[in-house]
Amino acid sequence: MALVLEGITKRFPGVLANDDVSLSVAPGEVVALLGENGAGKSTLMNILYGLYSADEGTITIDGEEMTLGSSADAIAAGIGMVHQHFMLVPVFTVTENVVLGQEPTGFGGMIDRDIARETVMNISERYNLRVDPDALIENIPVGVQQRVEIIKVMNREAEFVIFDEPTAVLTPQEVEEFFGILEGLQADGKGIVFITHKLGEAIRVADRIVVMRGGKVVGEALPAETTQQDLANMMVGRSVDLTVPKESASPGDVVLEVRDLVVLDSRNVKAVDGVSFDVRAGEIVGIAGVQGNGQTELIEGITGLRPVMSGSVRMGETDITDAHPRDLHQLGVSHIPEDRQGSGLVLDFSVLENMILDSYYDRPFSRGVFMDWASTRETAQDLVKQYDVRTPGIDVPVSTLSGGNQQKVIVAREFAREVELVIAAQPTRGIDVGSIEYIHTQIVAKRDAGAAVLVVSSELDEVMALADRIIVLYHGRVAGEFAPDAEVTDIGLAMLGSAP
Amino acid sequence: MDRVETTTPEVVLRTSVEERRATIIGVVLMALAAVVLGVFAFGVPSDASSTFNLSLPTDSIQNVSLTFNSRIFSAVAGVLIFALGANRLRRRNLERTNTALGIGLMLFVLALLAWAAADSSFSLVGMLRSTVISSIVITLGALTGLTCERAGVINIGIEGQLLTGAFVAVVLSSAFGTWAGVAGAMLAGALLGALLAWLAIRFSVDQIIAGVVINILAVGLTSFLASRVLSEAQDLNAPARVSSIRIPLLADIPVIGPMFFDHTFFVYVTFILVVALHIGFFRTRWGLRARSVGEHPKAADTLGIDVLKVRYRNVIGAGLIAGFGGAFLALAQISRFEENMTGGIGFIGLAAMIFGRWLPFGALAAGLVFGFSGALAQKVGILGTGIPSEFMLMLPYVATVIVVAGLVGRARAPAADGQPYIKQ
Amino acid sequence: MTDTRLPEKEPTPPQRSPMMDRVTGVGTSVARSLVLPTLAMLTALIIGAIIIAFSDIEILRLLFDDPGAAAGQMVSEVSRAYRALFRGSLGSVNSLSESLFAATPLLLAGLSVALGFRAGLFNIGAQGQMLMGGLAATYVGVYVSLPGIIHIPLTLLAGFAGGMIWGGLAGLLKARTGAHEVITTIMGNFIAVFFMQWVLTTGIQDPGRNNPVSAELVTSARLPRLFGVDYRVTIGLLLAIAFVFAVHWLLYQSSIGFEFRAVGSNPKAGSYAGMNVAIVVTLAMALAGGLAGMAGANQVMGLEPYKATPALAGAVGFDAITVALLGRSNPVGVLWAALLFGALAAGGREMQGAAQVPIDLVVVLQALIVIFVAAPGMIRAIYRVKGREEKPTQMTTGWGS
């Protein structure tokens, strides 16, 4: 009854995403699929789930070849997928999301709500996935949403389940619960493919680990016989240094002072619920926490992008609560936003135009109403060289650059001037290794030049590597403050809300 | 954790937006009260009386009417409106703002009518009946719009679909009778819908641009054909008469009867359509799938739902509704084709869709409100007040602007509304 | 347990970015950039020919009796129509003048719509803005007496102001309440018509007339003809062309234009970068309204009988949308598009007069041309031309603010 992928090849324009990849999963087996983004694992799974079609290769279940031209085909073949970004309709209930596409109907196509609810509760009980069938998805926490996704998959009587980065958005305790669910599925004879880039989890949970790199399978390992370092080397192909070189900090005066900050999110719920902290010149403060605990709203509140309900934000002597982004810019605040394509760049604009996006209004880039393109071009060209932005020229649309280089454009823009306060939100999300190292170096350099730095990251490792002081946010409150050499378990507990 | 924490506690705090809206509406109500008291109450002689006729000559129960002293009526209305406005200014019970506005407006309109009819009478029931008739095209336009938008496609081309439907209905009805006209109109609407869907889905043309261009195409084509064909062959601009169908028993209920149960079949079909769409969207599996496509097309795709096919189906189906609306306009309301005869009513339909929160029953209610504003404009014009008729004619359009400016609160459109779905 | 993990590389394939309708993109050769519009025009004319042929009742009746003769008549009818179209647009000096004359308001109004698009706004209200601009200009043109050299700019300025207020209102509504400008500007069109009807039957009404017509403009407020009395084209054309450069400068050489384009493409990034989106939206709609207002002023100052009526905008307000779309919202592109559609308008009048083909066919042709240009895939499919993958012309982000 094994699921076997054989010789899968997939080409996109300019990229060989999968190169003669073979993989097999047996019932009751957990296979971890490891690799960086761009290694081809997501592509492979999308092919398996019918979202893409392979150029070459076969997929067989129990020896029988399958054509998977759409998700419907995959579902019919007994393959289910829980995506990294949940495929749930926020305004529908749990039940509606579970039965969508396979609704129990009566006369005239009308949905039988009782049967639907029953179906959900049955599966819920069988696999210990506690949910409220009538709750709206937008009102339930992320861990519960994941359970809904799993119920959805089980509702289609999947025999093989693909999990794409399932623990990315879970708290440490939710991760433990998830592993329990995984064991339950395994015991029920389901074959599981578990895509991740978290080496420790792969070793912990999998029966077999398959490593992909550059579109190929580069190695297989048994968890008992390998180490994280080995796996890391396989994934990247070279020895990788996972730390950031920096000296210890010598903090000076307080630059940023946040007191009792309360910020509401878009649904008028308190996302930031009375947060206070300081950031000093010459130090990096890292905000850790699982995504969705108020970090985004905290940064938006501090940078004036979201109205502050109560509390204050001060920069030195000046009260900057609800300040206009331009005023902050003039006060020497630089902001690297979380969503670089949505908030940090105008994708249609050229590299040049993006370089001056927040400083175009003043000298030397313009005088009054008149843009001075000549000096702007010079400056932009210098910055491109200085910050190692790989681009064919400064006039190409910034959308043609890779994520890492796009981020470098933003960093160049934000760091090329005198700044007193740096606010960086998820600065290295979705970026290649080389660019990450570069950006980390730049951030440390700014600190050493005397700036106060505030970094928010959902990757605990990044926070621990960069920060001189760590603050954990949970449900909008400060759940703990730690030195970077603290025990990870302590920090993890704080991320969960149980301060030691 | 023993107790299952399956929902995050929601703490809904008062927001400045809702408070500001309450203040604005409070002030508006008080201004209205001032007008009512100053103009409607004390602008008429103290002995003037108004009569609202509640029966039509065709009713079985005759001579039902309300007569009262104009000044007292308006004065009472004015005081009530003032009270409602003052209450809004206290900024409590913010969720009741819309109700207060609704009641206040209703009182204002009644006082306006009392003033306009001082020392005379007018047919209130007649006005209510023409409200329903005026509302049908708007409601059908709104239903067209929401059928598309619930699946994630913005349809600005409703105006063009109505116009084209009207033209085809007139020509075919003149030649072959009413049913041919209606069928042809629905087909025409569906074809234009197919064009919109094709442009937006297959060629990724921006949905609003596609809709605008389709409107222009429809205006050009129908005007061209009207000049070229209809002016030559006058007999093609003489559609068959569509007579009212009076529903026995129900039509005899005073006021409600003539208002809802004595109409052409178009009106009854519209009512049925509202119910059918409600059930369709919220109780059937097709509705669930269509809505999922409008809210989160990627999720629908991963569950094996054919997103593009659903969008095509909804837009073309909506086109049938718009064509039907055009047929009603041309065959039952105006009974001939005139260039540009839709006069923007398709866009009012869009506003009604937004006002009605993308719900079929909401579309019906909103259509009635907009229809009422049109009927009111007409009636006040006839009654001969000092207000220039042009301002009264503006009323539905101004009302539309007020609605989309959110003075009656905000609603959420389907999440993926207007965004093309691009499969990788 | 330290969970070491490796950072992620960016995902492939690269995400598609929502792009606005742009000038023919980076790296397109001139030849390629002309092929498409030409084919679009050709296809539109072919479809137009079919419409002309099959909408003549006489011919249709003949088709059943004598298909051969019918076909012959169709051909002669179509060629008569298109010959007239050509004659009226380019066939004589007078035709050229008429084409330029028709192009003038199209250019101004087209710039108005294009400016809006560049700032991410759908200005469907050029019609109403023209009316309000024309009205304001009429007041200044009727009641004020000044030497022409001052009077003309003053009247034009009034036109700008009138349209600016009307457009600015829609912009303000969008900025403050999020009201989508598609609906508010369309409603504005209707409200403007009724308003005009009322105003023109009161104070400024033409004495001796009962319908909504204004009094006549004083001679010093009338736009002088460019090529002598025999040809209708006025200095309005020069004004319009000047504005092509002005709008180009605004969009690409000024900091204001930088903000317009940034907000038009990504308002969130714009506001993160410190731009005031509300002001940008209001200002853009106001300026766009002003341009359309001047087009309206042109309509009263530049043609007989130099009086304002609620119909002064004609179909220009809507044609302007097709002009802007064809010109891809680029000032120079709008210029070419306005010239083309102006020629079609002039030719259409001749076609209506000489060949009895209603001028509305021109509207159909315009719409078809725009459809083909906006969906190049259609042309490619018909003519089997290879091309790049479809670039979405995505601008809409739903109704929300």
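Computed from the coordinates by the stated procedures, all read-outs in this text should not be read as laboratory data. Just so you know, these numbers come straight off a predicted model, no measurement behind them. Quick reminder, even Gly has a Cβ in these numbers, built from the backbone with ideal geometry, and neighbours come from all protein chains shown.
Out of B:265, B:170, B:225, whose Cα points farthest toward the positive end of the dipole of the stretch B:125-404 (charges: +1 Lys, Arg; -1 Asp, Glu; placed on Cβ)?
The residue sitting farthest along the positive end of the dipole is B:265.
Count neighbours as other Cβ atoms within 10 Å of each site's Cβ, and list the trypsin sites (Lys or Arg not before Pro) in the stretch B:364-424 that are DSSP loop with at most 13 such neighbours. Please list the in-between numbers first.
Working: sites: B:379, B:410, B:412, B:423; in loops: B:410, B:412, B:423.
Sparse-neighbourhood loop trypsin sites (Lys or Arg not before Pro): B:412, B:423.
Would you please put A:215-225, A:183-193 in order of how densely packed they are, using the mean number of other Cβ atoms within 10 angstrom per residue and starting with the highest?
Top of the packing list down: A:183-193, A:215-225.
Under the rule of -39500 (n - 2.57) per DSSP H run of 4 or more residues, summed and divided by the residues of chain B, what mean residue ellipticity at 222 nm is obtained, to the nearest 500 deg cm²/dmol? Numbers along the way, then the final one.
Details: 15 runs with 258 residues, N = 424.
Helix-only estimate at 222 nm: -20500 deg cm²/dmol.
Taking amide H positions as placed in the peptide plane 1.01 Å from N, state which residues far from residue A:423 in sequence (5 or more) or on other chains have amide H under 5 Å from it.
Long-range HN contacts for residue A:423: A:334, A:335, A:336, A:454.
What's the FRET efficiency of residue B:179 with residue A:121 using the Cβ-Cβ distance as r and R₀ = 60 Å, to the nearest 0.05? Walk me through the intermediate numbers first.
Working: r = 50 Å, r/R0 = 0.84.
That gives a FRET efficiency of 0.75.
When only Cα pairs under 8 Å and 6 or more residues apart are kept, what is the percent relative contact order across chain A?
Working: 1005 pairs, mean separation 70.9, N = 500.
It comes to 14 percent, rounded to a whole number.
Just checking the output field for C:352-364: average partner chain Cβ neighbours within 10 Å of each residue's Cβ? Please report the intermediate quantities before stating the final value.
Details: counts 1, 0, 0, 0, 2, 3, 9, 4, 11, 7, 2, 8, 10.
Neighbouring Cβ atoms belonging to other protein chains average 4 per residue here.
Which one of C:198, C:336, C:166 has the biggest mean-square fluctuation once chain C is modelled by GNM with Cα springs under 10 Å?
Per the Cα network of chain C with a 10 Å cutoff, C:198 tops the list.
Quick query: amide H of residue A:112 versus all other amide H atoms, modeled in the peptide plane; which residues come in under 5 Å with a sequence gap of 5 or more or a different chain?
So residue A:112 has HN proximity to A:105, A:106.
Label residue A:324 and residue A:367 with points 7 Å out from Cα along Cα→Cβ: what is the distance between them in nm?
With each label point 7 Å from Cα toward Cβ, the separation is 2.4 nm.
Calculate one ³J(HN,Hα) per residue across the stretch A:42-55 by plugging θ = phi - 60° into the Karplus curve 6.51 cos²θ - 1.76 cosθ + 1.60, and present them in order as whole Hz with x for glycine and proline.
After applying 6.51 cos²θ - 1.76 cosθ + 1.60, I find 5, 4, 4, 5, 5, 5, 4, 8, x, 7, 10, 10, 6, 7 Hz.
Using a Gaussian network for chain B with springs between C-alpha atoms less than 10 Å apart, which of these wobbles most: B:291, B:150, B:96?
Greatest mean-square fluctuation among the candidates belongs to B:96.
Can you give the FRET efficiency for residue B:67 and residue C:54, using 1/(1 + (r/R0)^6), R0 = 60 Å, r = Cβ-Cβ distance, to the nearest 0.05? Could the numbers behind the result be given before it?
Values: r = 61 Å, r/R0 = 1.02.
About 0.45, to the nearest 0.05.
For each of C:174, A:270, count neighbouring Cβ atoms within 10 Å of the residue's Cβ, then give the residues from fewest to most.
Ascending number of Cβ neighbours within 10 Å: A:270, C:174.
Given the options C:110, C:269, C:305, identify the residue whose Cα lies farthest towards the positive end of the charge dipole of the stretch C:32-383 (+1 on Cβ of Lys, Arg; -1 on Cβ of Asp, Glu).
Going by the Cα projections, it comes out as C:269.
If packing is taken as the mean number of other Cβ atoms within 10 Å per residue, what is the order of B:395-405, C:99-109, A:106-116, highest first?
Details: B:395-405: 22.3, C:99-109: 29.0, A:106-116: 14.5.
Ranked from most to least packed, the peptides come out as C:99-109, B:395-405, A:106-116.
How long, wide and thick is chain A, going by the Cα atoms along their three principal axes, in whole angstroms, largest first?
On the principal axes, chain A reaches 69, 52, 47 Å in Cα extent.
Work out which helices of chain C, taken as complete DSSP H runs, extend at least 18 Å along their axis over the Cα atoms and score a mean Kyte-Doolittle of 0.0 or more, then list them.
Membrane-span-like by this rule: C:30-54, C:67-90, C:93-118, C:126-143, C:148-177, C:181-199, C:236-253, C:277-301, C:331-355, C:360-374.
Using the 10 angstrom Cβ neighbour count as an exposure proxy, how do A:485, B:206 rank, fewest first?
On the way: A:485 7, B:206 26.
Going from sparsest to densest Cβ surroundings: A:485, B:206.
Restricting to bridges with both residues inside chain B, how much of the DSSP beta-bridge set is antiparallel, in percent to the nearest 5?
Of the beta bridges lying entirely in chain B, close to 70 percent run antiparallel.
Could you calculate the FRET efficiency of residue A:475 with residue C:381 from 1/(1 + (r/R0)^6), where r is the beta carbon distance between them and R0 is 56 Å, rounded to 0.05?
Details: r = 55 Å, r/R0 = 0.99.
Approximately 0.50, to the nearest 0.05.
How crowded by other chains is A:192-201, given as the mean number of beta carbons from other chains within 10 Å of each beta carbon?
Numbers: counts 0, 0, 0, 0, 1, 5, 4, 4, 5, 3.
Whole-number average of other-chain Cβ neighbours for A:192-201 is 2.
With a bin width of 10 angstrom, please list the P(r) values of the stretch B:125-404 as percents of all Cα-Cα pairs, from the 0 bin to the one holding the largest distance.
That works out to 7, 28, 35, 22, 7, 1, 0, in percent per bin.
Roughly how many nanometres apart are two label points built 7 Å out from the Cα toward the Cβ at residue B:391 and residue A:179?
7.6
Can you give me the relative contact order of the stretch B:16-119 as a percent, contacts being Cα pairs under 8 Å and 6 or more apart? Intermediate values should be presented prior to the final figure.
On the way: 155 pairs, mean separation 41.9, N = 104.
Reported relative contact order: 40 percent.
With no solvent and one point on each alpha carbon, what is the Debye value of log10 I(q)/I(0) for the protein assembly as shown at q = 0.08 Å⁻¹?
After summing over all Cα pairs, the log10 values are -1.09.
Name the shape class, rounded, prolate or oblate, that the alpha-carbon gyration tensor gives for the stretch B:16-119, where a ≥ b ≥ c are the square roots of its eigenvalues, rounded holds for a/c under 1.5, and otherwise prolate holds if a/b is larger than b/c and oblate otherwise. The partial results should precede the final answer.
Details: a/c = 3.76, a/b = 1.85, b/c = 2.03.
Oblate, because a/c is 1.5 or more while a/b does not exceed b/c.
Express in whole angstrom the spacing between the alpha-carbon centres of the stretch B:159-203 and the stretch B:321-374.
Spelled out, the Cα-based centre of one part sits 15 Å from the other.
State whether the stretch B:171-312 is rounded, prolate or oblate according to the following rule on the C-alpha gyration tensor (a ≥ b ≥ c being the square roots of its eigenvalues): a/c under 1.5 gives rounded; otherwise a/b larger than b/c gives prolate, and the remaining case gives oblate.
Details: a/c = 3.00, a/b = 1.21, b/c = 2.49.
Verdict is oblate for the stretch B:171-312.
May I ask you to evaluate 6.51 cos²θ - 1.76 cosθ + 1.60, the Karplus curve with θ = phi - 60°, for each residue of the stretch A:434-448 and list the ³J(HN,Hα) values in order in whole Hz, giving x for glycine and proline?
With coefficients 6.51, -1.76 and 1.60, one gets x, 5, 4, 4, 4, 5, 4, 4, 4, 5, 5, 4, 4, 4, 5 Hz.
Can you give the mean number of other chain Cβ atoms that lie within 10 Å of the Cβ atoms in peptide A:97-107? Working shown, then result.
Numbers: counts 5, 0, 3, 11, 10, 3, 5, 1, 5, 2, 1.
That works out to 4 on average.
What shape does chain C take by its C-alpha gyration tensor, where a ≥ b ≥ c are the square roots of the eigenvalues and a/c under 1.5 counts as rounded, a/b above b/c as prolate, and the rest as oblate? Each step should come with its number before you reach the end.
Numbers: a/c = 2.01, a/b = 1.12, b/c = 1.80.
Note, shape of chain C comes out oblate.
Which one of C:383, C:143, C:252 has the biggest mean-square fluctuation once chain C is modelled by GNM with Cα springs under 10 Å?
Of C:383, C:143, C:252, the Gaussian network model singles out C:383 as fluctuating most.
So what is the 222 nm mean residue ellipticity for chain A from helices alone, if each DSSP H run of at least 4 adds -39500 (n - 2.57) and you divide by all residues, rounding to the nearest 500 deg cm²/dmol? Display every interim value, and only then the final one.
Values: 16 runs with 158 residues, N = 500.
For chain A, the value works out to -9000 deg cm²/dmol.
Which order, highest average first, do B:329-335, A:284-290 follow once you tally other Cβ atoms within 10 Å for each residue and take the mean per peptide?
Working: B:329-335: 21.7, A:284-290: 25.9.
In decreasing order of mean packing, B:329-335, A:284-290 become A:284-290, B:329-335.
For residue A:193, enumerate residues with amide H under 5 Å from its amide H, sequence gap 5+ or separate chain, H modeled in the peptide plane.
Placed amide hydrogens put A:31, A:161, A:162, A:163 under 5 Å from residue A:193.
So what's the gap between the Cα centers of the stretch C:101-116 and the stretch A:159-199, to the nearest angstrom?
One Cα centre to the other: 60 Å.
Pulled fully out, how much extra length does the chain show between residue B:309 and residue B:249, if you take 0.36 nm times their separation in residues and subtract their Cα-Cα distance? Write down the numbers at each step before the final one.
On the way: separation 60, 0.36 × 60 = 21.60 nm, distance 4.45 nm.
Gain on extension, residue B:309 to residue B:249, equals 17.2 nm.
Just need the relative contact order of the stretch B:210-301 here, percent rounded to a whole number, with Cα pairs under 8 Å and 6+ apart.
Working: 39 pairs, mean separation 12.3, N = 92.
Contact order relative to length: 13 percent.
Within the set B:379/C:307; A:385/A:446; A:152/B:309; A:408/C:268, which residue pairs have Cα atoms separated by over 27 Å? Please report the intermediate quantities before stating the final value.
Details: B:379/C:307 33 Å; A:385/A:446 18 Å; A:152/B:309 23 Å; A:408/C:268 20 Å.
Those over the limit are B:379/C:307.
Under a point-charge model restricted to the Cβ atoms of Lys and Arg (+1) and Asp and Glu (-1), what is the dipole moment magnitude of chain C relative to its Cα centre, in debye to the nearest 20? If you can, show how the numbers build up before the last one.
Numbers: 26 positive and 21 negative charges, 179 e Å.
The dipole of chain C has a size of about 860 debye.
Report, in order of residue number, the helices in chain B meeting two criteria: a C-alpha extent of 30 Å or more along the helix axis, and a mean Kyte-Doolittle hydropathy of at least 1.0; treat each whole DSSP H run as one helix.
Result, helices passing both filters: B:124-149, B:360-383.
Run a plain Debye calculation on the stretch A:3-236 (Cα atoms as equal point scatterers, no solvent) and give log10 I(q)/I(0) at q = 0.09 Å⁻¹, rounded to two decimals, same order as the q list.
Values returned for q = 0.09 Å⁻¹ are -0.38.
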